[in-house]
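Let me begin by presenting the structure, written as C-alpha cells, before commenting on it.
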Amino acid sequence: MKKDKLHIHWYPGHIAKAERALKEKLNLVDVVIEVLDARLPISSSYDDIKKLLGDKPRLLLLNKSDLVNRDELTDWVEYLKQNTGCPVLAVDTKSFKCVPQIEKIVQKLSEPRIQAIMAKGLLRRPARVVVVGLPNVGKSSIINKLTKSSKTKVGAKAGVTRQQQWVRINPNIDLLDTPGIIPMKQDDQMRAKKLAFVNSVSENAYSVEIVAKELLDIISQNDNYSKLFKEYYKVDDLSLENISISRNWLRKSGGDSNISPDTERCAGYILKDFRDGKIGKFILDSV
Ligand SMILES: Nc1nc2c(ncn2[C@@H]2O[C@H](COP(=O)(O)OP(=O)(O)OP(=O)(O)O)[C@@H](O)[C@H]2O)c(=O)[nH]1
Ligand SMILES: [Mg+2]
C-alpha cells in the first residue's frame with residue numbers, strides 16, 4: 001500500500017498495552033539489559049526507562065556494532081556511560097564473544113539486590129534478568145546467544161507470573177526467555193524516521209519512498225557519509241531519480257515510449273542496502 005503522507009502513523013491503544021506488558025516484565029527482574037541499535041544510540045533508547053525502572057540497574061548493549069565505524073562507536077560508548085551512569089558494551093550478534101563479560105556485569109549489578117534479600121533472612125537466589133528493546137534491535141539474537149550454552153528451563157517461579165519462562169544461563173543468573181518490547185512514542189517524527197531507516201518501524205506505517213528520500217536528506221548533511229552513498233550508487237547528487245537512472249531502475253509511464261526513473265523500486269533498494277550495511281558504516285544520531 002502506498003501512502004503519500006510524510007507522517008509515520010502510530011496506534012495509541014497498542015502503545016498503552018505495550019507499556020503495560022513491558023512494565024510487568026520489568027517488575028519481575030533484578031537487572032535489565034537494554035538493547036540499542038548502534039546506528040541510533042539515542043533514537044533507539046527509551047526515554048521513559050528511568051521512570052519505569054526507578055533505581056533498578058541496567059546494562060546497555062549497543063548491538064549491530066558491525067554496522068558502524070569503530071572509532072565513532074568508542075566515543076558513543078563513553079558518551080552513554082557518562083550520560084546514563086550505566087555500564088555500556090558494544091556488541092554484535094554475528095560474532096558474539098561477550099557472553100562472559102555480560103554475565104559478569106549482570107551479576108555485579110544484581111548483587112546489592114540479592115544481598116538485600118539475604119539481609120531479610122532469605123536464601124541466596126540467582127539474579128533475574130530481562131532483555132528489552134525496540135523492535136528489530138536484536139533482542140532475540142542476544143537471548144539466543146546468552147541461553148545457547150545452557151538450555152535449563154527453570155519454569156514458572158512461585159510468586160511471579162506463571163507464563164514467564166526462565167532459563168538458567170549460569171548458576172547465578174536466570175534470564176526471561178522472551179524480551180520486553182519497548183513501545184514507540186508518537187510525538188517525535190524525526191526519531192520515528194530514523195527508526196524506520198533501521199527497520200524498527202513496520203513498513204505498513206509509512207511510505208517507503210518518502211522514508212528513503214528522508215534518509216538521503218540526512219546522509220547529504222554529512223560529507224563523509226554522503227561520499228560513501230555517491231560512490232556506492234555512482235551519482236554526483238543524491239536523489240532517488242539520479243540513483244534510479246544510475247542503476248537503470250526505470251519504468252514505463254504513460255505511452256510505451258515514455259520511460260521514467262522507478263523511484264519506488266529504487267527507494268526499496270536503498271533502504272535494503274543501507275540496512276544490510278552494503279553502502280558503508282553510519283551512525284545517524286549526533287550528540
Ligand atoms: N548486522 C547485524 N545484524 C543483526 C545483529 N543482531 C541481529 N541482527 C539482525 O537484525 C534482525 C533482527 O534481529 P532479532 O534478534 O530478531 O531482533 P529482535 O529485537 O528480537 O526483533 P523483534 O522480535 O522483531 O522485535 C535480524 O535480521 C538479525 O539477523 C548484529 O549484531 N549485526
Ligand atoms: Mg525478537
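The values are calculated or read from the model by the stated rules, or taken from the named source; none is laboratory data. Every value quoted in this text rests on a predicted model; they were computed, and no experiment measured them. Please note: Cβ atoms are built from the backbone with ideal geometry, for glycine as well, and neighbour counts cover all protein chains shown.
Filter the range 176-206 down to residues that are buried (at least 20 other Cβ atoms within 10 Å of the Cβ) and hydroxyl-bearing (Ser, Thr, Tyr) and give me whichever is farthest from the chain's Cα centre (by Cα).
Out of the qualifying residues, it is TYR206.
Hey, can you tell me all the residues within the range 116-147 that are more than 14 Å from ligand 1 (Cβ to nearest atom) and under 18 Å from ASN170 (Cα atoms)?
LEU123, ARG124, ARG125, PRO126, ALA127, ARG128, VAL129 - these are the residues of the range 116-147 that are more than 14 Å from ligand 1 (Cβ to nearest atom) and under 18 Å from ASN170 (Cα atoms).
List every residue pair whose Cβ atoms lie under 6 Å apart, where the two residues are 6 or more positions apart in sequence or sit on different chains, the first residue falls within the range 214-232 and is within 19 Å of GLY268 (Cα to Cα) and assigned by TED's automatic domain parsing to the domain that holds ILE243, and the second residue, located anywhere, is of a type in the set (Lys, Arg) and assigned to a helix (DSSP H, G or I).
Hits for this filter: GLU214/LYS193.
Do you know which residues across the range 20-35 are in contact with a helix residue (DSSP H, G or I) (Cβ under 8 Å, 6 or more places away or on another chain) and touching a residue at least 40 places away in the same chain (Cβ under 8 Å)?
LEU22, LEU26, ASP30, VAL31, VAL32, ILE33, GLU34, VAL35
Scan the range 189-206 for residues that are part of a helix (DSSP H, G or I), of a type in the set (A, V, I, L, M) and closer than 23 Å to LEU62 by Cβ and jot them down.
The first filter runs over the range 189-206 and keeps only residues part of a helix (DSSP H, G or I), leaving 189-197, 203-205.
Still in the list and also of a type in the set (A, V, I, L, M): 190, 192, 195-196, 205.
Correct list: MET190, ALA192, LEU195, ALA196.
Please work out which residue is nearest to LYS278 (Cα to Cα), limiting yourself to the range 55-74 and to residues that are assigned to a helix (DSSP H, G or I) and touching a residue at least 40 places away in the same chain (Cβ under 8 Å).
LEU67
How many residues does the range 237-255 contain that are more than 13 Å from LEU216 (Cβ to Cβ) and either aromatic (Phe, Trp, Tyr) or part of a loop (DSSP other than H, G, I, E, B) (or both)?
Total satisfying the criteria: 6.
If I go through the range 234-258 residue by residue, how many of them are of a type in the set (Lys, Arg) and without any contact (Cβ under 8 Å) to a residue 12 or more places away in the chain?
Within the range 234-258, residues that are of a type in the set (Lys, Arg) and without any contact (Cβ under 8 Å) to a residue 12 or more places away in the chain number 1.
Working carefully through the options GLU264, GLU209, find the one that is crowded, with 20+ Cβ neighbours inside 10 Å and in a helix (DSSP H, G or I).
GLU209
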